[in-house]
Amino acid sequence: MTDSLSDMIACPKCDALHRVPQVEMGEQARCVRCGTVLMAPREGAMTRIVMLSMTALILMVAAVFFPFLELSVQGLGRKSSVFDAVLAFSDGLMLPLSFAVAALIVVLPITRFLALIYVFAPMALGWAPAKHARSVFKLAEHIRPWAMAEVFIIGVAVALVKVAGLAQVTLGPAFWAFVGLVIITVLKDNFMCRVTVWQTLNARSPS
């Protein structure tokens, strides 16, 4: 980036260019054109992101392996988990779908949580960023649209509305773990000010 652009930031919504402002903790900087929040640093945000990411990892383990729901029809019942759903597509031509489900619902979210912990944990303790922290944070941002745990739970909720009239549905602990995972993901992203993260990475990284 050239010197003339090194202190500029583009609005993610309308692409309007702004000079990077000096924003105090708890304050916000908004786009002058569309009002989108550009910067919103918060005190202790990095620590909160690390703790929420660790909680999300624990919930993800429960969401994958614990019973997700139980269907009962005329006295016959069957419990299933997300792991069972992934394996259900593992035969024949459906194998690529099995890999896609596992990647979008499990692997990519876990990868992003681990990446955020790797990037934020040292800085939350006041240390210098970990080695390759910039690249790891860039990876976490690239895979963010593809980590679809929240999309999965919304799709399941829609499907349950249709299935409820045909069978008795009992929600298992994994369902509620997924719900908690979605809430934590929203909170985590709400605490994250990406411009401030990049500024901190640049300021604390060895030259």
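For this structure, a couple of remarks:
- Percent accessible area from carbon and sulfur atoms, the range 83-207, protein chains only, probe 1.4 Å: 72
- Heavy-atom accessible area per residue - the chain, 1.4 Å, Å²: 60
- Dipole moment magnitude, nearest 20 debye, the range 96-207 about Cα centre, only Lys, Arg, Asp, Glu C-beta charged: 320
- Between amide H atoms placed 1.01 Å from N, distances below 5 Å from residue 30 occur with 38, all of them 5 or more places distant or on a separate chain.
- Accessible area of the range 1-81 belonging to carbon and sulfur atoms, whole % at 1.4 Å probe: 57
- Segment residue 111..residue 144, full-extension length gain: 10.9 nm, with 0.36 nm per residue of separation and the alpha-carbon distance subtracted.
- Dimensionless Rg/Rh of the chain - Kirkwood Rh, Rg from C-alpha atoms: 1.07
- Amide H to amide H distances under 5 Å link residue 81 with 68, where only residues 5 or more positions off or on other chains count and H is placed in the peptide plane.
- Ranking 142, 157, 167 by how far each Cα lies toward the positive end of the dipole of the range 90-205 (charges on Cβ) leaves 142 at the top.
- The label-point distance for residue 191 and residue 22, in a model that sets each label 7 Å from Cα toward Cβ, rounds to 2.8 nm.
- With θ taken as phi - 60° and the Karplus curve 6.51 cos²θ - 1.76 cosθ + 1.60 applied, the whole-hertz 3J(HN,Hα) list for the range 73-84 is 9, 6, x, 9, x, 9, 9, 9, 10, 5, 4, 5 Hz, x standing for glycine and proline.
- For a label point 7 Å along the Cα-to-beta-carbon line of residue 159, residues of the range 173-196 with backbone N under 19 Å: 173-182
- Tilt relative to the chain, helix 194-204 - C-alpha long axis, 0 to 90 degrees, to 10: 60
- Within a Gaussian network of the chain (alpha carbon springs, distance under 10 Å), most fluctuating of 197, 186, 82: 186
- 10 Å Cβ shell holding at most 14 others, DSSP loop, trypsin sites (Lys or Arg not before Pro): longest site-free stretch of the chain: 34-130
- Under Karplus coefficients 6.51, -1.76 and 1.60, residue-wise ³J(HN,Hα) of the range 32-46 in Hz, glycine/proline x: 6, 8, 10, x, 5, 5, 9, 9, 8, x, 10, 5, x, 5, 5
- Listed by chain and number, the lysines whose C-alpha is less than 27 Å from the C-alpha of residue 138, apart from same-chain residues fewer than 8 away, are 13, 188.
- Computed helical MRE - 222 nm, the chain, DSSP H runs ≥ 4 contributing -39500 (n - 2.57), nearest 500: -16500 deg cm²/dmol
- Lysines with Cα under 28 Å of residue 79, excluding same-chain neighbours fewer than 8 positions away: 162
The values are calculated or read from the model by the stated rules, or taken from the named source; none is laboratory data. What you see is a predicted model, and the numbers here were worked out from it, not measured in a lab. With ideal geometry, Cβ positions are generated from the backbone for all residues, glycine too; neighbour counts draw on all protein chains shown. Each accessible area value is taken on the protein alone, full model and side chains, heavy atoms only, with ligands, DNA and RNA left out. Shrake-Rupley method; radii C 1.70, N 1.55, O 1.52, S 1.80 Å.
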